[in-house]
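Here the structure comes first, spelled out in structure tokens, and everything after it is commentary.
The values are calculated or read from the model by the stated rules, or taken from the named source; none is laboratory data. All of these numbers come straight from a predicted model, not from anything done at the bench. Cβ atoms come from the backbone with ideal geometry, glycine included; neighbour counts cover every protein chain shown.
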Amino acid sequence: MHKLCAALVAGVVATGATVSFAQTTTDAPATHADKKAAKKQAEADKDATVAQAKADKKKTESQSKANEAAADANLKDAKKAQ
């Protein structure tokens, strides 16, 4: 069992070293296309963040209305029980 764990750890370390080496050898200066793509990606990320915030706000408002309706129903039930 210890040999198996050691082999797995060695494989992970070797893979990490290979990936690290590959990243350092392919670091080229950013081209105009790369910069344009990064700008478009940033805009898309911002749009997605805004859309998510709007959806979260709407969900919160809906939950608040549902909680208020439930509280009203509980109050009516309590008054009927008296």
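Criterion first (in a helix (DSSP H, G or I), among the hydrophobic types (A, V, I, L, M, F, W, C) and surrounded by 10 or more Cβ atoms within 10 Å (Cβ to Cβ)) does A48 satisfy it? Against the criterion (in a helix (DSSP H, G or I), among the hydrophobic types (A, V, I, L, M, F, W, C) and surrounded by 10 or more Cβ atoms within 10 Å (Cβ to Cβ)), A48 qualifies. Exactly one residue among A22, A38 is assigned to a helix (DSSP H, G or I) and at pLDDT below 80, and that residue is A22.
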